[in-house]
Every structure is written in structure tokens, then in C-alpha cells.
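Q: Supplied in C-alpha cells, the structure appears directly below.
The values are calculated or read from the model by the stated rules, or taken from the named source; none is laboratory data. Please read all numbers here as calculations on a predicted model, not as lab measurements. Using ideal geometry, Cβ is built from the backbone for each residue, glycine included, and neighbour counts are taken over all protein chains shown.
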Amino acid sequence: MANKLFGGKSSRTKIFTVISAVAIILLLLVNLFVTSFGIFGNFYIDLTPEGLYTVRDIMYDVCDGILYMEDGSLREPGITVTFCSDPDYLIENTYTRVVYYMARALESRYDNFRVECHNVAMDPTSVARFKTTSLTEINANDVIVSYGDNRYRIASAESFWVIGKEKVYSFDGEYKLASIMLSLTLVDRPKAYFVTDHGEDYYKPTEGITDEAALKAQEEMNEKTSHLFDLLTEKGLAVDTLSLSGLIEEAEKAGKQPDIPDDCVILIINDPKLDFREDSSKFGSYSYVSETELLDRYLAQNKGSVMIAKDYKTVLPIFEDFLSEWGLKFSNTLVKDTASEGDGQTTTLVSEYITETDKYAYQIYENYATLASAPRLVVEDSGYIMSSFGDNSVGMNDPGTANTSRIYAPFIYTSENAVDYAKNDKGEYVYKSGDAGKKALAALGNRQTIDTSTSNLSHSYIFAAASASFFSSELLGNPSCSNYEICAALVQNIARLDTYAPEELGGLSGNNNTGFLGKILTDIKIYETDTLLENIQNTHDTEGIFKQGLTPAVRTVYTVIIAAIPVAIAVVGIVICVRRKYL
């Protein structure tokens with residue numbers, strides 16, 4: 001074969017033949033190396049005028065504070081950023097490319113920062129552990145930031161950009177990613193606390209309980225609350241008990257103000273049978289704090305949220321006055337619904353989902369609300385909840401501020417056929433106390449604060465159900481209804497603590513006066529988003545997706561690499577052939 005290839009050829013021809021073959025092979029290998037390194041490495045030159053592909057020093061400073069402990073050791077288990085598409089698709093789409101390269105740059109700097117890519121279109125089970133419910137959809141343009149096994153946030157790729165009605169104005173990815181990382185690591189091990197002062201049902205390990213009667217009582221309570229305990233631990237929360245009156249007494253003895261523990265992200269008040277305590281003789285004392293005021297301070301400081309299941313038959317004036325300040329007013333009547341049972345006499349209610357897309361509840365259980373055959377959430381022996389804000393059924397501002405408001409939001413409804421029954425002289429709930437209509441079986445009070453300099457929102461929630469058994473193992477453990485999954489989705493949302501990166505990491509550092517966060521794009525005219533947003537929804541259709549990042553300088557470099565080098569090789573080859581033939 002070698003003789004046929006080189007037969008009759010001069011030595012110079014043989015040499016050039018070998019050189020040509022070797023050059024072609026080397027060119028292919030270099031092309032393969034550069035392509036793979038561009039996808040999996042960080043070798044690139046940022047020639048964008050905005051510095052889109054360059055992580056700024058201030059971002060590294062913020063990440064140093066997140067990813068290193070005070071003693072200089074790495075924080076474990078560390079941060080993992082999971083992209084939901086293959087690297088080639090992420091790079092093809094500039095919208096995701098900038099976020100992807102930012103994450104890769106951080107990965108190359110920090111040993112406890114990892115980047116993963118999963119094609120959710122081909123393998124949806126690869127991100128199944130991040131689904132809040134079995135019906136939750138994770139899309140190809142979603143970015144999942146996780147800390148450990150149970151703490152994570154899912155953000156769409158578009159949320160890393162500042163987008164107006166028709167244009168993309170800036171890249172705010174550093175601020176967005178740093179804020180998510182700070183929120184995930186704000187508390188090392190977040191806890192859910194069962195309040196124990198008022199005859200509530202709570203979960204508590206029985207080790208160490210020697211009294212036989214106390215042991216039996218706790219075992220019965222643990223059986224009632226075992227599924228709620230499992231739900232909380234599955235969401236990455238440690239579970240403990242808390243005495244509000246105990247906190248107040250300890251603080252008084254120490255001459256300090258009482259405070260809910262910093263690691264508390266959810267307080268659970270499960271079927272209280274006694275009213276909350278307050279001492280009217282101490283109201284004039286500056287240091288005195290009642291139990292409801294302690295709750296109010298906890299919520300007002302945005303430290304966490306509260307979940308309540310209250311029996312409509314139990315009257316708790318002090319506690320109910322506190323709840324009314326948060327927009328939640330409880331009925332003292334029993335609800336029955338002909339949509340749940342033909343004769344309308346059952347106390348088991350099959351609830352209806354809220355379908356308005358702008359409502360908070362819809363964001364929790366969207367996939368259930370839109371699927372006609374989805375399992376329903378079942379409520380047993382329930383009253384109903386209404387807004388305490390009077391004519392303003394939505395919400396109202398906190399006194400003295402226009403930046404903080406309290407909002408009432410229904411969570412689940414009965415059908416239009418529901419009727420509530422009041423108690424007669426014999427204590428029987430048989431007297432119809434109102435007309436038939438939709439009634440909220442559970443609702444939320446949401447305190448929302450807006451930061452006027454950054455427009456960031458902070459939230460704290462009270463979730464309340466008008467049924468003592470709402471969190472019972474009997475309902476949460478029923479596989480034919482959606483109680484467990486929707487309660488899990490609720491916990492996932494209200495247990496999250498939100499904190500934000502320094503403003504200097506965004507665009508409000510005084511470096512510009514545009515009012516937009518992040519790296520301001522030089523020419524906003526080319527960032528049309530009409531087709532962009534359509535293609536983000538149709539996740540793998542890249543036609544029309546915005547291509548900023550390839551500035552004229554970058555295009556020149558790519559032209560040289562892609563076109564000039566092959567042209568030069570071709571010219572050299574032609575010259576050699578001509579010289580060999582005519583010279």
C-alpha cells in the first residue's frame with residue numbers, strides 16, 4: 001500500500017504528502033480539543049463590552065463568604081448548580097450560555113461548587129428529586145441550585161436577566177445566583193418547631209419518658225402526627241418542640257427580650273385547645289412580651305412562617321384576635337357540601353383548587369389545578385375562613401408604612417353548594433347559618449415587604465386550616481388524595497428563607513443611572529424578546545433566540561479561527577502545487 005501511495009514520487013513530494021496528512025489530522029484533533037474544552041472547560045476570551053462572560057471580583061468576594069467557613073475551611077456539602085439541558089444546547093442559546101459559563105468559572109475556582117448537566121427531555125427522572133410534587137414540571141431552561149440533598153431553588157434561565165416588555169436590558173445573574181446561595185446557606189440546619197403550650201398535638205421522641213401514662217399519651221400523639229413529621233424531615237427540616245411561655249419566662253429571668261430560635265423556619269400550632277397567654281397587668285411594661293406578640297415579632301422579622309390547624313368548635317379569643325390582624329377570620333360553624341356527598345350531610349369535604357394563575361395557591365399546586373383527573377385534597381370536619389380586612393378583602397398596609405402590606409389569600413375552596421351549620425341549644429350543628437356558596441377551608445396571611453432601593457420582596461406567611469385534623473396522619477397518609485403532596489409543596493415554599501446579595505453586586509451601585517440591575521447591555525435595541533420568550537417556552541427551538549454576546553470583535557476572532565486558517569492552508573497548498581508544476 002505504501003509503495004502504491006508513494007510509487008514514482010520524488011522525495012519532496014513524499015515529504016509534503018506526509019506533512020499534509022499529519023496537518024489534517026492535527027487540525028481535526030485541535031478542533032476536537034477546542035470544541036470539548038469550550039464546552040467542559042473555561043478557556044474563552046470575553047470580548048463583550050458588558051463583560052458578560054467575566055465573573056467580577058465582587059462576585060468572588062461574596063462567594064468566598066458563602067463557600068468558606070469562618071475558620072477558612074470549605075462549607076460542606078457545598079453548592080451544586082444543575083442545568084437541565086446538555087452543554088451544547090446551553091452554549092447554543094446565549095440566554096443560558098452566560099449563566100452556564102458563570103457557573104463553570106465558579107466551579108474552576110471552588111472545590112465545593114459543582115456544575116451538573118442533565119437532559120430532562122430525554123431523562124426526566126434525573127431531576128426527580130427536585131420535584132415538589134409528582135406532577136411538578138422541570139423544564140429544559142430551568143437552573144437548579146442546591147445545598148445538600150433537600151435544600152434547593154429552581155429558577156428559570158430568564159430570571160437571571162432583567163427583561164422589559166419588549167427588550168432585555170441587563171444580565172443580573174451574579175446577583176441572582178449569589179442571593180439564592182445566601183438564602184440556602186442562611187441557616188445551617190433549619191428546624192420546624194411544634195408549639196406545645198396550649199394542648200396542641202405534636203411529635204416528640206419517646207426516649208426518656210418513664211411515666212407510663214405520659215408515654216402512652218405521647219405515643220398516641222406521635223401516631224397522629226407521624227406523617228407530618230415524615231413530611232417535614234423529607235423537606236430537609238429537623239423537628240423539635242418549643243414552649244412560647246418557657247421562652248418568655250427564661251427571657252424575663254435573664255432581663256432580655258424573648259426570641260424564637262434563629263434556626264426556626266416553621267412554627268406549627270396543631271389543634272390548640274387552650275387560648276394563648278397574656279398578662280394584662282404587665283401591658284405597660286417595656287420588657288413584657290405576650291405569646292402572640294412573640295409570634296408577631298417572629299413573622300415581622302421575616303424569620304420564618306407559621307402553620308396552624310384550628311378546630312372551628314374551639315373558641316380562642318386572644319389567639320383569634322392575633323390571627324385577624326393577619327387577615328384570617330375563623331367561623332364557628334360546620335361546613336357541609338352536596339358536591340362532596342349527595343345528601344350534603346357528610347363532614348368529609350372534597351375541596352376545589354384555585355385556578356386563577358396569579359394567585360399564590362395556584363403557584364403551589366398548579367399542576368393539580370390544571371389537571372381534571374388529578375387527586376383532590378380532602379378535609380374532614382371543618383369550618384371555614386374569611387378575610388378580616390372588611391371591604392378590602394385582599395389586604396392592607398401595615399400602619400405607618402406603604403412598603404409593608406398584609407394580604408389575605410384563600411388556599412382551597414368548597415364548591416358553590418357548601419352550607420355552614422351553627423350549633424343549636426343542644427350543641428348540635430344543625431342550624432343553617434347562611435346561604436350556600438364557596439367557602440375557604442384553608443387560607444394564608446402573607447406579610448410582604450418591598451425594599452424601595454432594590455425592589456426585592458420579603459415574605460412571611462401564616463397558613464391556617466379550619467379543621468383540627470388537617471395535618472393528621474389519617475389524611476396525610478391517604479394515597480387516594482393529594483393532601484401529602486400539596487402540604488409538602490406548601491412547606492417547601494413557606495419554609496424558605498430569602499436574603500439578598502449586596503446591592504453592589506447588582507446595578508444599583510452608583511455605576512449607572514439606568515435603574516436596571518446587573519451588567520447593563522450596551523445596545524438595548526437589538527435585544528428584542530418577542531421571539532425570545534416564545535422560544536424559551538418551546539425549550540429546544542433555538543431559532544430566533546437572542547444572540548448577544550457575539551460582538552463585532554468576537555465575530556472577527558471567530559472568522560479568523562474558522563475561515564482564515566483553512567483559507568491560508570488552501571493557499572499554501574495551491575502555491576506548492578503551482579511551484580511543483582511550473583517551476
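Q: Has segment 418-435 got at least one residue that is under 26 Å from E325 (Cβ atoms), buried (at least 19 other Cβ atoms within 10 Å of the Cβ) and of a type outside the set (D, E)?
A: Applying the first criterion (under 26 Å from E325 (Cβ atoms)) to segment 418-435 yields 420, 422, 433-434.
Now drop any that are not buried (at least 19 other Cβ atoms within 10 Å of the Cβ), which leaves 420.
With of a type outside the set (D, E) added as a condition, the list becomes none.
No, every residue in segment 418-435 fails to be under 26 Å from E325 (Cβ atoms), buried (at least 19 other Cβ atoms within 10 Å of the Cβ) and of a type outside the set (D, E).
Q: Next question, about the same structure. In segment 383-414, which residue that is touching a Gly at 6+ places or on another chain (Cβ under 7 Å) and among the aromatic types (F, W, Y) is modelled with the highest pLDDT? Lay out the reasoning, then the answer.
A: From segment 383-414, those touching a Gly at 6+ places or on another chain (Cβ under 7 Å) are 387-389, 395, 405-408; that's our starting set.
Adding the requirement that they be among the aromatic types (F, W, Y) leaves 389, 408.
Working: F389: 84, Y408: 91.
Once the filter is applied, the top-ranked residue is Y408.
Q: Output the residues belonging to segment 72-91 that are touching a strand residue (DSSP E or B) at 6+ places or on another chain (Cβ under 7 Å), without any contact (Cβ under 8 Å) to a residue 60 or more places away in the chain and either in a helix (DSSP H, G or I) or not acidic (D, E) (or both).
A: If the condition is that a residue be touching a strand residue (DSSP E or B) at 6+ places or on another chain (Cβ under 7 Å), without any contact (Cβ under 8 Å) to a residue 60 or more places away in the chain and either in a helix (DSSP H, G or I) or not acidic (D, E) (or both), then L74, P87, L90 are the ones that fit.
Q: Follow-up. Identify, please: which residue in segment 216-259 is of a type in the set (V, I, T) and under 25 Å from A466 (Cα atoms) and is, among those, nearest to the chain's Cα centre (by Cα)? Let's see the steps before the verdict.
A: Initially, segment 216-259 is screened for residues of a type in the set (V, I, T), giving 225, 233, 239, 241, 248.
Of the ones still in play, those that are also under 25 Å from A466 (Cα atoms) are 225, 233, 239, 241.
Values: T225: 26, T233: 18, V239: 21, T241: 26 Å.
So, considering only residues that are of a type in the set (V, I, T) and under 25 Å from A466 (Cα atoms), the one nearest to the chain's Cα centre (by Cα) is T233.
Q: Just give me the residues in segment 169-215 being among the basic types (K, R), in a helix (DSSP H, G or I) and either surrounded by fewer than 21 Cβ atoms within 10 Å (Cβ to Cβ) or out of contact with any helix residue (DSSP H, G or I) (no Cβ under 8 Å at 6 or more places or on another chain) (or both), in sequence order. Lay out the reasoning, then the answer.
A: Keep residues of segment 169-215 that are among the basic types (K, R), which gives 176, 189, 191, 204.
Subset that is in a helix (DSSP H, G or I): 176.
Selection gives nothing.
Q: Also, quick follow-up: Does N139 count as at negative phi, over 17 Å from the mean Cα position of the chain (by Cα) and surrounded by fewer than 21 Cβ atoms within 10 Å (Cβ to Cβ)?
A: no
Q: Now for a different question. With respect to S159, is the statement that it is surrounded by fewer than 18 Cβ atoms within 10 Å (Cβ to Cβ), in the same structural domain as F113 (by TED's automatic domain parsing) and either under 21 Å from the mean Cα position of the chain (by Cα) or not aromatic (F, W, Y) (or both) true? Give the derivation first.
A: Numbers: surrounded by fewer than 18 Cβ atoms within 10 Å (Cβ to Cβ): yes; in the same structural domain as F113 (by TED's automatic domain parsing): yes; either under 21 Å from the mean Cα position of the chain (by Cα) or not aromatic (F, W, Y) (or both): yes.
Spelling it out, S159 is indeed surrounded by fewer than 18 Cβ atoms within 10 Å (Cβ to Cβ), in the same structural domain as F113 (by TED's automatic domain parsing) and either under 21 Å from the mean Cα position of the chain (by Cα) or not aromatic (F, W, Y) (or both).
Q: Being assigned to a loop (DSSP other than H, G, I, E, B), under 14 Å from A192 (Cβ atoms) and in contact with a Phe, Trp or Tyr (Cβ under 9 Å, 6 or more places away or on another chain): is that true of P261 here?
A: Numbers: assigned to a loop (DSSP other than H, G, I, E, B): yes; under 14 Å from A192 (Cβ atoms): yes; in contact with a Phe, Trp or Tyr (Cβ under 9 Å, 6 or more places away or on another chain): yes.
Yes; evaluated as a whole, the condition is true for this residue.
Q: Here's another thing I want to ask about it. Among the residues of segment 288-332, which ones are in a helix (DSSP H, G or I) and over 30 Å from S183 (Cβ atoms)? Before the answer, list the steps.
A: Within segment 288-332, the first condition is being in a helix (DSSP H, G or I), and the residues that meet it are 291-300, 317-324.
Answer for segment 288-332, where residues must be in a helix (DSSP H, G or I) and over 30 Å from S183 (Cβ atoms): P317, I318, F319, E320, D321, S324.
Q: Inside segment 264-320, can you point out the residues that are of a type in the set (K, R) and more than 25 Å from D498 (Cβ to Cβ)?
A: Of segment 264-320, the ones of a type in the set (K, R) are 273, 277, 282, 297, 303, 310, 313.
Selection gives K273, R277, K282, K310, K313.
Q: Turning to a different aspect of this structure: Which strands (runs of 3 or more DSSP E) does segment 415-460 wholly contain that include 3 or more residues that are under 20 Å from the mean Cα position of the chain (by Cα) and at pLDDT 80 or above? Spell out the reasoning first.
A: Numbers: elements: 418-423, 429-432, 440-450.
So the answer is 440-450.
Q: Still on this structure, please answer the following. If I ask for residues that are surrounded by fewer than 16 Cβ atoms within 10 Å (Cβ to Cβ) and either in a loop (DSSP other than H, G, I, E, B) or not assigned by TED's automatic domain parsing to the domain that holds Y461 (or both), which ones from segment 245-258 would you list?
A: Restricting attention to segment 245-258, the residues satisfying the condition of being surrounded by fewer than 16 Cβ atoms within 10 Å (Cβ to Cβ) are 246, 249-250, 253-257.
Across segment 245-258, the qualifying residues are G255, K256, Q257.
Q: So which residues in segment 177-218 are among the charged types (D, E, K, R) and either touching an Asp or Glu at 6+ places or on another chain (Cβ under 8 Å) or in the same structural domain as G65 (by TED's automatic domain parsing) (or both)? Reasoning before the result, please.
A: Going residue by residue through segment 177-218, those that are among the charged types (D, E, K, R) are 188-189, 191, 197, 200-201, 204, 207, 211-212, 216.
Listed by number, the residues that qualify are D188, R189, K191, D197, E200, D201.
Q: Do you know which residues across segment 348-362 are assigned to a strand (DSSP E or B) and of a type in the set (S, T, Y)? Talk me through it step by step, then tell me what you get.
A: Restricting attention to segment 348-362, the residues satisfying the condition of being assigned to a strand (DSSP E or B) are 348-350, 352-353.
Within segment 348-362, T348, Y353 meet the criteria.
Q: Continuing with the same structure: Which condition from (1) at pLDDT 90 or above; (2) assigned to a helix (DSSP H, G or I); (3) over 28 Å from L232 (Cα atoms) is the one that K336 breaks?
A: With (1) at pLDDT 90 or above; (2) assigned to a helix (DSSP H, G or I); (3) over 28 Å from L232 (Cα atoms) applied to K336, the lone miss is (2).
Q: Of everything in segment 150-182, what is under 13 Å from F83 (Cα atoms) and among the basic types (K, R)? Give them in sequence order.
A: Result: R153, single match.
Q: Taking the condition of being surrounded by 16 or more Cβ atoms within 10 Å (Cβ to Cβ), at pLDDT below 90 and among the basic types (K, R), how many residues in segment 282-319 meet it?
A: Of the residues in segment 282-319, 1 are surrounded by 16 or more Cβ atoms within 10 Å (Cβ to Cβ), at pLDDT below 90 and among the basic types (K, R).
Q: Of all residues in segment 135-157, how many are in contact with a strand residue (DSSP E or B) (Cβ under 8 Å, 6 or more places away or on another chain), more than 19 Å from T94 (Cα to Cα) and assigned to a loop (DSSP other than H, G, I, E, B)? Please lay out each step first, then the result.
A: If we filter segment 135-157 for residues that are in contact with a strand residue (DSSP E or B) (Cβ under 8 Å, 6 or more places away or on another chain), which is where we start, we get 138-139, 141-147, 152-157.
Narrowing further to those that are more than 19 Å from T94 (Cα to Cα): 138, 145-147, 152-154.
Narrowing the set further to residues that are assigned to a loop (DSSP other than H, G, I, E, B) leaves 138.
Qualifying residue count, segment 135-157: 1.
Q: Now for a different question. Quick one: is D123 modelled with pLDDT of 90 or more and at negative phi? Break it down stepwise before answering.
A: Values: modelled with pLDDT of 90 or more: no; at negative phi: yes.
Judged against the criteria, D123 is not a match.
Q: If you don't mind, another one. Can you name the residue in segment 92-129 that is in a loop (DSSP other than H, G, I, E, B) and free of Cβ contacts under 8 Å to residues at least 24 places away in the same chain and is also nearest to the chain's Cα centre (by Cα) among such residues? Before you say what the answer is, go through the steps one by one.
A: In the first step, residues of segment 92-129 are kept if they are in a loop (DSSP other than H, G, I, E, B); the result is 93, 110-112, 118-123.
Now narrow it down to the ones that are free of Cβ contacts under 8 Å to residues at least 24 places away in the same chain: 122-123.
Numbers: M122: 24, D123: 22 Å.
Out of the qualifying residues, it is D123.
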